[in-house]
Amino acid sequence: MNPAAPVGVLDSGLGGLSLLRVIRAQLPHEALIYVADSGYAPYGDRDTPWITARAAQIIQFLVQQGCKAVVIACNTITAVAVAALRPSFAIPIIAIEPAIKPAAASSRSGAIAVMATTRTLESASLQRLRDRYSGTTRVLFVACPGLADHVEAGDLHSPGLLARLNDLLSPALEQGVDTLVLGCTHYPFLFDAIAKVAGPDIRIIDPSPAVTAEVRRRLSAIGALNPGQRITPLTLWSSAPLQRAQALVERLSDLPIQLRELPELPAPTA
Ligand code: DGL
C-alpha cells in the first residue's frame, strides 16, 4: 500500500464536508478525494438496493483513482449498505455512525436524541447500535426528512429552517433529552441553528473527531499513514452541475478544493 496514495471520502452530497474538514485538520498530509453525489441526493428517501448499488459504484471509482482507503461520510450509506459493501473491496472502508455510545454514557438526564434521516433510523444496524450502547439511557429517534436538503440548498439559518427545527426537536426536548446526536453529516452545518432552537443547556455531538481517529488508526495499522510534510491536494468530484457545486462548496468550506465533474457512472441496476 502506497502511503502517498489518497484517501477517498463519499457522501450523498456536500454534508460529508463536515467530516472532511476534520480529517483535513487532523491528518493534513493525507491527499483527499471527495465524491459528492449531489446530483442524486438525498439518499435518505431512496431504497436500500439503490443506495448499495450506487455507493458500490462510487467506491469503485475511488479505487480507480488509486485510493488506499475509503471513508463513508454518510450515515445513511453506513446504516443500510456498509455490511454488504465491505466484502467487495480490498481496501479499508471506514464508516461514520451516530455517536450513541459516548452520548448515552455521559447523559445526565438519562435521555438523548439521535437526529438522522428516516432511512438511517429505520435500519436494523442503527437499532442494534442503540440496543448495544444505550444502557439505562433512553434514546429517542428524531427523523428529519428534508433537513439535509436545506444544506444542499445553502440554507443554514433561514426563519423557515428554524421553524422546521423547532417542530422536529420540540417533542424530544419536552421529554428531557440533554444531548442531541447528529446522525447525518449534513447536520453539523446546521449546528448554530440547532443550538439556537435547543438552547444553551443541550449538548450537540458530531462524531467526526472519533471517525478521524479511526481513520488514523486504520491507516497506521496497515502502514499507510502518509509520513510526508507537504499539505496535500483536496479534490471534489460532484455529480451536480459544477457551477451549483462551486457556490455551495464556497459557502460550506474555506478549504482550497479543486472541483471536478463526476463522470457518468453506470446507472445502478438495483
Ligand atoms: N449526509 C447523509 C447522511 O449522513 C444523508 C443525507 C441524504 O439524505 O442524502 O446520512
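Miscellaneous remarks
- Of the strands (runs of 3 or more DSSP E) lying entirely inside the range 1-88, those containing at least 2 residues that are in contact with a Cys (Cβ under 8 Å, 6 or more places away or on another chain) and not polar (S, T, N, Q) are 7-11.
- Residue within the range 179-186 that is over 20 Å from Y43 (Cα atoms) and touching a strand residue (DSSP E or B) at 6+ places or on another chain (Cβ under 7 Å) present: yes
- Residue that is surrounded by the most Cβ atoms within 10 Å (Cβ to Cβ) [pool: residues in the range 61-76 that are among the polar types (S, T, N, Q) and away from the ligand (no atom under 16 Å from the Cβ)]: Q65
- Residues that are of a type in the set (F, W, Y) and assigned to a helix (DSSP H, G or I), drawn from the range 116-168: Y133
- Tabulated pairs, the range 43-60, first within 9 Å of the ligand (Cβ to nearest atom), second outside any helix (DSSP H, G or I), C-beta under 6 angstrom, 6+ apart or interchain: Y43/S12; G44/T117
- Residue check for I222: among the β-branched types (V, I, T), surrounded by 18 or more Cβ atoms within 10 Å (Cβ to Cβ), touching a residue at least 24 places away in the same chain (Cβ under 8 Å) and under 26 Å from K101 (Cβ atoms): no
- The test for being away from the ligand (no atom under 11 Å from the Cβ), surrounded by 15 or more Cβ atoms within 10 Å (Cβ to Cβ) and at pLDDT 95 or above does not hold for R132.
- Residues that are of a type outside the set (D, E) and in contact with a Gly (Cβ under 7 Å, 6 or more places away or on another chain) do not occur anywhere in the range 80-90.
- Checked against the criterion of being farther than 13 Å from V181 by Cβ, within 13 Å of the ligand (Cβ to nearest atom) and modelled with pLDDT of 95 or more, the candidates A79, A83, A124 yield just one match: A79.
The values are calculated or read from the model by the stated rules, or taken from the named source; none is laboratory data. If you're wondering where the values come from, they're calculated on a predicted model, not measured in any experiment. So basically every Cβ, Gly included, is an ideal-geometry build from the backbone, and we count neighbours across all protein chains shown.
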